[in-house]
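Where a number appears in this text, it was derived from the coordinates with a stated rule and is not lab data. Predicted, not measured: the structure shown is a model, and the values here were computed from it. Virtual Cβ from ideal backbone geometry, glycine too; neighbours counted across all protein chains shown.
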């Protein structure tokens, strides 16, 4: 990895962290609904670098972000970490299998929806009850909307970054 | 550096198929909800730390407050005529409290840190038995 790439990755990690923390202040239509702006930086790292770089950005976002918001070590941290890992694994798999057909938006929708479903799975295991599964339709629809939004942001950001690269 | 996916504009056929697949899963899960959720009188079921409690949500229900002990502390559930809400919770994110009043079948408030789920099931009196899509609109 060149110094230029390392610098760019560090900036992406900082961006992911800032967006993760700032998002707490954005009003939400429903209390558990998040846009997942921090995921934009993870997505950019995945498509412009590789899955290892995206994993590094994601880990910094989740670890430092939960330290800043005070959630580190608690159930909210396990939810965020578990669903972020699941989301990245599925996005990286979709990228390697479907790069010929997918755009960044499709990749982002996969990540957001997997994030939502895995959150329900982890929460249900922790609660020891399936009472939350009634929220699955809303979780998926909000995942599609949020994933499309972050996907579009990542697409335009990548276009600009490629311009800088050239 | 310039991978094909970076050059491709959003909105490919594969993107559309993915979105449609997720929406089909959402629609299927909506109709695969247990039918028992619509049966019986309107009531609140609270699962707290492994045990289950039921409270009727009748229009003549006397207001009361119930407290549930969880790993983080006490969650207070406020019962009013025909509706209920989480009034206070010791958790940090307060998602359960911010969920507001629960009054229709399918309405849910959950506190993961304190291991509590409150869900409304059943039918309001004088209400025909049918699939109430607005029950998930919260």
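General remarks:
- Scattering curve values for region B:36-121, log₁₀ I(q)/I(0), Debye with Cα scatterers, q = 0.12, 0.23, 0.24 Å⁻¹: -0.30, -1.08, -1.16
- Length, then width, then depth: along the principal axes, the Cα atoms of the protein assembly as shown run 71, 39, 28 Å.
- Cα long-axis angle, helix A:51-69 against chain A (0 to 90 degrees, to the nearest 10): 50 degrees
- Whole-number percent relative contact order across region B:36-121, with pairs defined as alpha carbons under 8 Å at least 6 apart: 30 percent
- On Cα atoms only, tilt of B:13-31 relative to the major axis of chain B in degrees: 20 degrees
- Using a cutoff of 8 angstrom between alpha carbon atoms and counting only pairs six or more residues apart, the relative contact order for region A:88-157 works out to 43 percent.
- Three semi-axes describe the equivalent ellipsoid of chain A; taken as square roots of 5 times the Cα gyration tensor eigenvalues and ordered largest first, they are 26, 18, 14 Å.
- C-alpha long axis of helix A:104-127 to longest principal axis of chain A, angle in °: 30 degrees
- Burial order of peptide ranges A:127-138, A:111-122, A:36-47 (average beta-carbon count within 10 Å, highest first): A:36-47, A:111-122, A:127-138
- Label zone of residue A:100 (point 7 Å out along Cα→Cβ, amide N under 16 Å): in region B:7-24 this covers B:13-15.
- Listed peptides A:60-72, B:84-96 by packing density, highest first (mean Cβ within 10 Å): B:84-96, A:60-72
- Whole-number percent relative contact order across chain A, with pairs defined as alpha carbons under 8 Å at least 6 apart: 23 percent
- Shown for B:48, A:148, A:87, B:67: other C-beta atoms within 10 Å of each C-beta, ranked fewest to most, produce the order B:67, A:148, B:48, A:87.
- FRET efficiency, residue A:130 to residue B:39 (Cβ-Cβ, R0 25 Å, nearest 0.05): 0.90
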